[in-house]
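Engineer: My questions will all concern the structure given below.
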Amino acid sequence: MDIATILGIVSGLTLVAMAILGNGEITTFIDVPSLMIVVGGTGAAIFVNFAMKEVFSVMTVVKKVFTDDVSSGIDTIEIFEELAKRSRREGILAIDKYLSKVEDDYMKAGLEMAVDGTEPETIREVMESELTYLMERHKKGQQIFNALGMYAPAFGMIGTLIGLINMLKGLEDPTSIGEGMSVALITTFYGAFLANLLFLPIAGKLKIRSDQEVIHKELVIEGVLAIQMGEHPKNLVRKLLNFLPPKVRRQYLMEDKAGEQEE
């Protein structure tokens, strides 16, 4: 579970609610027709802009916003180090019986090709092709939420214009202008609120998750090719550590050095 996402949404809702209750009543900001214009109009525009299967498939992508299951890379490097040791000691075919313990399907597929003796160029081509399609799927999810963030305020303005038109029709009653203006502005509030607290931040988080997953899979590609080439485990680790943030890299090296001293 990604606490940051949950905390951000809850904090945003709480602060807005406190601001509303501090200067008025919550019921003043509840208007079903305005909400229908923003939500319904935004949804309609999304279906016009994207294929239906793309819109529904994005629900499988959005769960990444609320989960923090992207590997730090340390576990993956340790697996490759262990496999490299076995490969150099017993031969690359010896790691075949350990593949069932590998939970990462992407890594397992690459290692299976390496064990089967597939050419390195072919392995890289196959794995990078899968990575390219993964990036395209993630990019589509980001595009949809960016579009939601763009359409929601626009339909908020449309709702406001509708409210202002209706208000101007009743100018013969000056006492109704204030109430009519407040109702007209609610749709703008709905559009801006949804865009800036949900849609655009979700698009941003999806991009971050996508970038993290791409880096991890690039690490896996290099690890698989290093195993096939029979690289020394220490050299393999040094190469793969370059994919990790400096802080994580230093922590790993310190722990590894401490473990060697204990031995």
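Engineer: Only one residue in 158, 208, 177, 165 is at pLDDT 85 or above and over 18 Å from residue 9 (Cβ atoms), so which one is that?
Structural biologist: Selected residue: 158, the only one of 158, 208, 177, 165 that is at pLDDT 85 or above and over 18 Å from residue 9 (Cβ atoms).
Engineer: Now, a different point. What number of residues in the range 116-134 are surrounded by 15 or more Cβ atoms within 10 Å (Cβ to Cβ) and either under 30 Å from residue 195 (Cβ atoms) or at pLDDT below 90 (or both)?
Structural biologist: 1
Engineer: Say whether the condition of being closer than 30 Å to residue 116 by Cα, in contact with a Pro (Cβ under 7 Å, 6 or more places away or on another chain) and of a type outside the set (S, T, N, Q) is met by at least one residue in the range 132-140.
Structural biologist: No, every residue in the range 132-140 fails to be closer than 30 Å to residue 116 by Cα, in contact with a Pro (Cβ under 7 Å, 6 or more places away or on another chain) and of a type outside the set (S, T, N, Q).
Engineer: Could we say that residue 197 is of a type in the set (A, V, I, L, M), touching a Leu at 6+ places or on another chain (Cβ under 8 Å) and either modelled with pLDDT of 90 or more or crowded, with 18+ Cβ neighbours inside 10 Å (or both) here?
Structural biologist: yes
Engineer: How many residues does the range 207-235 hold that are outside any helix (DSSP H, G or I) and in contact with a Ser or Thr (Cβ under 7 Å, 6 or more places away or on another chain)?
Structural biologist: Residues flagged as outside any helix (DSSP H, G or I) and in contact with a Ser or Thr (Cβ under 7 Å, 6 or more places away or on another chain) within the range 207-235 amount to 1.
Engineer: Could you list, ordered by first residue, the pairs with Cβ atoms under 6 Å in which the first is in the range 182-199 and under 14 Å from residue 20 (Cβ atoms) and the second is surrounded by fewer than 19 Cβ atoms within 10 Å (Cβ to Cβ) and of a type in the set (A, V, I, L, M), at least 6 apart or interchain?
Structural biologist: The qualifying pairs are 190/35.
Residues checked against (1) closer than 19 Å to residue 196 by Cβ; (2) touching a Cys at 6+ places or on another chain (Cβ under 6 Å); (3) in contact (Cβ under 8 Å) with a residue 12 or more places away in the chain:
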residue	(1), (2), (3)
10	yes, no, no
34	yes, no, yes
43	yes, no, no
49	no, no, yes
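Engineer: Now, a different point. Among all residue pairs at least 6 apart or on different chains, which show Cβ distances below 8 Å where the first residue, located in the range 131-149, is more than 26 Å from residue 218 (Cα to Cα) and the second is polar (S, T, N, Q) and assigned to a helix (DSSP H, G or I)?
Structural biologist: Between residues of the range 131-149 that are more than 26 Å from residue 218 (Cα to Cα) and residues that are polar (S, T, N, Q) and assigned to a helix (DSSP H, G or I), the close pairs are 147/49; 148/42; 149/196.
Engineer: Just give me the residues in the range 236-251 being surrounded by fewer than 19 Cβ atoms within 10 Å (Cβ to Cβ) and part of a helix (DSSP H, G or I), in sequence order.
Structural biologist: 238, 239, 246, 247, 248, 249, 250, 251
Engineer: From the residues in the range 81-106 that are of a type in the set (Ser, Thr, Tyr) and in contact (Cβ under 8 Å) with a residue 60 or more places away in the chain, which one is surrounded by the fewest Cβ atoms within 10 Å (Cβ to Cβ)?
Structural biologist: It comes out as 106.
The values are calculated or read from the model by the stated rules, or taken from the named source; none is laboratory data. Remember, it's a predicted structure, so these values are computed and weren't measured experimentally. Note that each Cβ is placed from the backbone with ideal geometry, even for glycine, and that neighbours are counted across all protein chains shown.
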